[in-house]
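Step one of this worksheet: look at the structure below.
The values are calculated or read from the model by the stated rules, or taken from the named source; none is laboratory data. All of these numbers come straight from a predicted model, not from anything done at the bench. Here the Cβ is made from the backbone with ideal geometry for all residues, glycine too, and neighbour counts use every protein chain on show.
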Amino acid sequence: MPDDNDFNEDPNKEINRPEGASGTNGATSNNEQLLNDVRNKTSLIKVLGQDLVVISSDKLRLAYAEHIKKRELKGAWIAPVGLFASLLLSLLTNTFADAFGVSGASWKAFFMLGAFITFLWSAVALLKAIKSPPVDDVEAFISSITVGGERG
């Protein structure tokens, strides 16, 4: 972890390099450029004991999109269970009569088929929601965007 002086140095200060190292190409120059960008374009307020996470906006967007998908998966059971409950209550409480040129027995069959399909849909959605990892935890999201998924 960088010490307090790493971010307070003059950005235009000559960087001491080993003899023969020009620092104009390769990973070293990229790291130096990143450090210079951080020094020049960032206001850094250091809170002791905290981690600094530097992440590209693309990686953050991807991690956030994945987090949202997991969050939606947790609540995806609500619609099918609601439809199943409505169809089941209709089946239990109604006497189906002929309407719109369709017989009462056909209406009952449609509702039974709908209830069966939404029951299967509900079961699958509930199993996926139960098996999916918790997403309300902020620490889980932070660890998903740090290198290797580990903090430290």
Of all residues making up segment 82-117, the number that are touching a Phe, Trp or Tyr at 6+ places or on another chain (Cβ under 9 Å), surrounded by 14 or more Cβ atoms within 10 Å (Cβ to Cβ) and either within 30 Å of residue 138 (Cβ to Cβ) or polar (S, T, N, Q) (or both): 1
Within segment 66-106, restricting to residues that are among the aromatic types (Phe, Trp, Tyr) and under 42 Å from the mean Cα position of the chain (by Cα), the one that is nearest to residue 134 (Cα to Cα) is 77
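Conditions tested, residue by residue: (1) under 30 Å from residue 58 (Cβ atoms); (2) aliphatic (A, V, I, L, M); (3) touching a residue at least 40 places away in the same chain (Cβ under 8 Å); (4) not assigned by TED's automatic domain parsing to the domain that holds residue 86.
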| position | (1), (2), (3), (4) |
| --- | --- |
| 101 | no, no, no, no |
| 104 | no, no, no, no |
| 107 | no, no, no, no |
| 111 | no, no, no, no |
| 116 | no, no, no, no |
| 126 | no, yes, yes, no |
| 129 | yes, yes, yes, no |
Determine if segment 112-119 includes at least one residue that is modelled with pLDDT of 85 or more and not hydrophobic (A, V, I, L, M, F, W, C). yes
Which numbered condition residue 121 misses (of (1) part of a helix (DSSP H, G or I); (2) hydrophobic (A, V, I, L, M, F, W, C); (3) exposed (fewer than 15 other Cβ atoms within 10 Å of the Cβ)): (3)
Residues (assigned to a loop (DSSP other than H, G, I, E, B) and among the acidic types (Asp, Glu)) located in segment 59-104: 98
